[in-house]
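Reviewing the structure listed below.
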Amino acid sequence: MNQIADDLVQECMQAARDGAEFGAIWDSILRGHSLVAGPPIQTFEEGLHHLDIRLRNGYWLRYCARSHDFSLRRAMLHRAF
């Protein structure tokens, strides 16, 4: 399953390098992909805005709006306080 996720990241990165904006990448690649488990969620971390997309394999696909880059991140563990 990680190979599928890696391939998805590479496909998104190539589309971004070719000049596609996130909305077009979402519509053409991500929205209907079997690994995508939900819509993008806007997050703010380390002074940067990101869009995080939950994947069915327990990872998140992150889009950094500043660098127009995609990466895979492990799911964060949420702790009750």
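Here, each number is a calculation from the coordinates, and none is a lab measurement. Values in this document were obtained by computation on a predicted structure and should not be read as measured data. All Cβ positions, glycine included, derive from the backbone under ideal geometry; neighbour counts span all protein chains shown.
Just a few scattered comments:
- Between residue 13 and residue 43, the simple label model (points 7 Å from Cα in the Cβ direction) yields a spacing of 1.9 nm.
- Other residues lying with their Cβ under 13 Å from the Cβ of residue 38 contribute a combined charge of +2, Lys and Arg counting +1, Asp and Glu -1.
- Net charge dipole, the chain: roughly 360 debye, given to the nearest 20, about the Cα centre with Cβ charges of +1 for Lys and Arg and -1 for Asp and Glu.
- Each distinct pair of alpha carbons in the range 2-74 adds a 1/r term; the inverse of their mean, the Kirkwood radius, is 12.1 Å.
- Sites counted here are trypsin sites (Lys or Arg not before Pro) in a DSSP loop (not H, G, I, E or B) having no more than 15 other Cβ atoms within 10 Å; the longest part of the chain that contains none of them is 1-30.
- Computed over the chain, the per-residue total of -39500 (n - 2.57) for DSSP H runs of n ≥ 4 gives a 222 nm mean residue ellipticity of -7000 deg cm²/dmol, rounded to 500.
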